[in-house]
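The values are calculated or read from the model by the stated rules, or taken from the named source; none is laboratory data. The model shown is predicted, which means the values in this text are computed figures rather than measured ones. A quick note on method: Cβ atoms are made from the backbone with ideal geometry, for glycine too, and the neighbour counts reach across all protein chains shown.
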Amino acid sequence: MLDVLYRRRLERDLDAWQERGLVTPEAAEEMLASIGQEARPRTAIILGFLGAILIAFSAIAFVAANWADMARPFRLGLLVAGMAACYGIAALMSLARHPWFADAAIFAGSALFGASIMLVAQSYHISGDYPDALLMWGVGAFIAALLGPSRASLLLALVVLSLWSWYEVVDYGWMVHWPYVVAVVLIGVVAGAWHWSSGIHLSVLALVGWIVVSVLNSAYENDWSAASSVCVGCGAALVFFALGRFLSAHVHWTKASAFGPVFGIYGLIGFLAMLILLQFAIFDSGIPDLEIDRPPLMVAGVLIALAGLLLAITRAGLRSILLDGAVPLAMGIAAIGLSLAAARNEAFAESLGMQILLGVLVMVAGVWTVAFGNRVGSRAAATFGLIAFAAEVLYLYFVTFGTLLDTAVFFLTGGILMIALAAILVRLQRRLTPADGGARAAGGARA
Amino acid sequence: MMRPGILLRLLIVLVLQTAALGWMVLDRAELLRSGTEVTLAVVPVDPRDLFRGDFVQLDYDITTLRPGMIGGDTEFSENDHVWVALDTSLSGPAQPIGIFRHRPPTLPERAVIQGRVRSVYEGSSPVDDPDACPSPCRTLRVDYGIEQYFVPEGEGRNIENLRDDSRVNVVVAIGGKGEAAIKKLLIDGVERYEEPLF
């Protein structure tokens, strides 16, 4: 669908460029033809995948029915024969230059493998090692994905292994399920090697989900306060951001550089979200306790230090390092500092001063994110920065609603601060970017 | 995407996946064939699993244990691996005679089954028999991996409805490491289901 939209846009642009004499009609023809060649029979592919998914569900229902009229070994044999047929069809499709149908057939094979595992578990009434069965299925699907190659099977492996990790945490008492990281990294490496952007996004998102579950579970088991859990999340988000900057800047020797922007943007969004959450954590979920919350706050500090280290080795020159890292790192440290202050002084924790300081944190981070997005040409970062800023302004307006005069004074001060900040940022940007880079940055701002 | 060896690569996938399934089957068949037979008393209930269909949830007498009362170790927490020694010398179902954090030696007329502590709770003594468990009465719920008995669609109710006036016993096979598999289901002492090896 996106290809169609892109083609329409390109046609319009090419018409305009031809009128201005920027491209010749021949060149325009060739450009349009070049994307035409990559078009795929999308409807057929989608139908093929839907067919594979239906076959998978049919196998699962067949197993669940536990049909007594057919002997168990025969049922298992039927499923294994189905697997063989799927892989056979996949090989034929691949040889006949239908890679997408081959992909769908391998997916169906991996799904039948899972159904077979469930059938064996059912036949022998195995109830204890449910996660182990999912692990076996996930590994099988991963191997099929790797050797196929099959994107759909890789996605199946990611889903099944996520379920595996979830059961290990929920039913088997893992507080932080580290083995899942190995699985996600392996899947991510394969997706990266295939230049498969959705796969890269999904594996990074899976890692985000793992971090959220791990932090929440640790907080629950150890009675951490909401504020210190949010600080740990903030630290983790900054590590993501720093890792993203590092991968974008330095890792050309592998295909890992494709992960740079993905880690970067999820890190930034997470960072802003955590700062916004921090005010709810401090005001609505109980004040941190110094004894219990020291370890998580230390973890958050270590994570922020790690992010700082990554940012420091990413950029050459003190100015670039400061421009990239100073504001988010300072805001992260301030988040920890305010949580500590709240733990030490209950009156301060509930005061308007705390509210305003937390608000300033979000606003500064939001403004910095907008500036950062404009500088590196990331529209998503700029947008999220603006959203965070606007949301924070609205929130502060609501909480300070009682005294409209105070609100007026607060916003006046804020407005003057913002304008001053804007002036500083413009000067900084001019001084730091070389002449041709300036043009690029301006282009990024418009994009 | 056409490459030489696609047949070979997918054959490897098929062989590996089939071998994994075969290993699962043989492992269980061997346990059923050679494991020690132990009879356990149960109360069945009937839910349904997303992937594996209808099953009867089996609540064994040895699912709920009071460590202070039956001997062995006393300190346990959730998700600990435990070994429960069973007295098999009696004519009826086997009785728990000890719960241990480490595997105890096997003795004649005694079987050892491995489980995992699902929950630990402490409460007041039972009202009807305070001596059975002095307060604080510490109770464990233990999973042995044999709590689900999968049946053809619709048959779960038949087994569950028996429980008020019938005795349901399960014969399990216990392997050398304490792992257990369901072998037979007895209702009022009569074999109702017997599991084939394959």
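Kindly indicate the residue of the stretch A:77-99 that is facing chain B (nearest Cβ under 7 Å) and among the aliphatic types (A, V, I, L, M) and also nearest to the chain's Cα centre (by Cα) among those meeting that condition.
Checking each candidate, the answer is A:Ala90.
List the number of the failed condition for A:Trp67; all other conditions in (1) assigned to a helix (DSSP H, G or I); (2) within 8 Å of chain B (Cβ to nearest Cβ); (3) of a type in the set (Phe, Trp, Tyr) hold.
(1)
Answer yes or no: is there a residue in the stretch A:154-161 that is free of Cβ contacts under 8 Å to residues at least 40 places away in the same chain and under 22 Å from A:Ala108 (Cα atoms).
yes
Would you be able to say whether some residue in the stretch A:97-105 is surrounded by fewer than 24 Cβ atoms within 10 Å (Cβ to Cβ) and either among the charged types (D, E, K, R) or touching a residue at least 60 places away in the same chain (Cβ under 8 Å) (or both)?
yes
All but one of (1) buried (at least 16 other Cβ atoms within 10 Å of the Cβ); (2) at pLDDT below 90; (3) touching a Ser or Thr at 6+ places or on another chain (Cβ under 7 Å) hold for B:Leu21, so report the exception by its number.
(2)
Could you identify the single residue in B:Gly145, B:Gly154 that is within 14 Å of another protein chain (Cβ to nearest Cβ), surrounded by fewer than 17 Cβ atoms within 10 Å (Cβ to Cβ) and not polar (S, T, N, Q)?
After ruling out the rest, the residue left standing is B:Gly154.
Quick one: B:Val82 ticks every box in (1) more than 30 Å from A:Ile117 (Cβ to Cβ); (2) at pLDDT 85 or above bar one, so which box is it?
(1)
When residues of the stretch B:49-75 are filtered for being over 17 Å from the mean Cα position of the chain (by Cα) and more than 11 Å from chain A (Cβ to nearest Cβ), how many remain?
10
Based on what the data block shows, is A:Leu155 of a type in the set (A, V, I, L, M, F, W, C), in a helix (DSSP H, G or I) and surrounded by fewer than 24 Cβ atoms within 10 Å (Cβ to Cβ)?
So A:Leu155 fits the description; yes.
Checking the condition on the phi < 0 side of the Ramachandran plot, surrounded by 12 or more Cβ atoms within 10 Å (Cβ to Cβ) and modelled with pLDDT under 85, which residue from A:Glu38, A:Glu29 passes?
Going through A:Glu38, A:Glu29 in turn, the sole match is A:Glu29.
Restricting to the stretch B:76-118, count the residues that are within 14 Å of chain A (Cβ to nearest Cβ), part of a strand (DSSP E or B) and of a type in the set (S, T, N, Q).
1
When you scan the stretch A:301-352, how many residues do you find that are of a type outside the set (A, V, I, L, M, F, W, C) and either assigned to a loop (DSSP other than H, G, I, E, B) or farther than 25 Å from A:Ser285 by Cβ (or both)?
Going through the stretch A:301-352 one residue at a time, the tally reaches 11.
Restricting to the stretch A:43-82, name every residue that is aliphatic (A, V, I, L, M) and in contact (Cβ under 8 Å) with a residue 60 or more places away in the chain.
Selection gives A:Ala52 alone.
The conditions are (1) surrounded by 11 or more Cβ atoms within 10 Å (Cβ to Cβ); (2) modelled with pLDDT under 85; (3) among the aliphatic types (A, V, I, L, M), and A:Ile46 fails exactly one of them. Which is it?
(2)
If you go through the stretch A:124-135 one residue at a time, do you hit one that is part of a helix (DSSP H, G or I), of a type outside the set (Phe, Trp, Tyr) and at the interface with chain B (Cβ under 9 Å from one of its Cβ atoms)?
Scanning the stretch A:124-135, I find at least one residue that is part of a helix (DSSP H, G or I), of a type outside the set (Phe, Trp, Tyr) and at the interface with chain B (Cβ under 9 Å from one of its Cβ atoms), so the answer is yes.
Does B:Ile182 count as closer than 21 Å to A:Tyr124 by Cα and at pLDDT 80 or above?
In short, yes.
Of the residues A:Ile211, A:Ile187, which is surrounded by fewer than 21 Cβ atoms within 10 Å (Cβ to Cβ), β-branched (Val, Ile, Thr) and touching a helix residue (DSSP H, G or I) at 6+ places or on another chain (Cβ under 7 Å)?
A:Ile211
Here are A:Phe398, A:Phe410, A:Phe372: which of them is in contact with a Leu (Cβ under 9 Å, 6 or more places away or on another chain), in a helix (DSSP H, G or I) and farther than 19 Å from A:Ala330 by Cα?
A:Phe410
All but one of (1) touching a Gly at 6+ places or on another chain (Cβ under 7 Å); (2) hydrophobic (A, V, I, L, M, F, W, C); (3) closer than 30 Å to A:Leu112 by Cβ hold for B:Ile70, so report the exception by its number.
(3)
Condition first: more than 9 Å from chain B (Cβ to nearest Cβ) and either of a type in the set (D, E, K, R) or outside any helix (DSSP H, G or I) (or both). Now tell me which residues in the stretch A:136-152 satisfy that.
Result: A:Ser150, A:Arg151.
Going by the structure shown, is B:Leu40 assigned to a strand (DSSP E or B), of a type in the set (A, V, I, L, M) and touching an Asp or Glu at 6+ places or on another chain (Cβ under 8 Å)?
yes
Conditions (1) modelled with pLDDT of 90 or more; (2) within 13 Å of chain B (Cβ to nearest Cβ), marked per residue:
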| position | (1), (2) |
| --- | --- |
| A:Ala157 | yes, yes |
| A:Leu163 | yes, yes |
| A:Trp178 | yes, no |
| A:Ile187 | yes, no |
| A:Gly192 | no, no |
| A:Ile200 | yes, no |
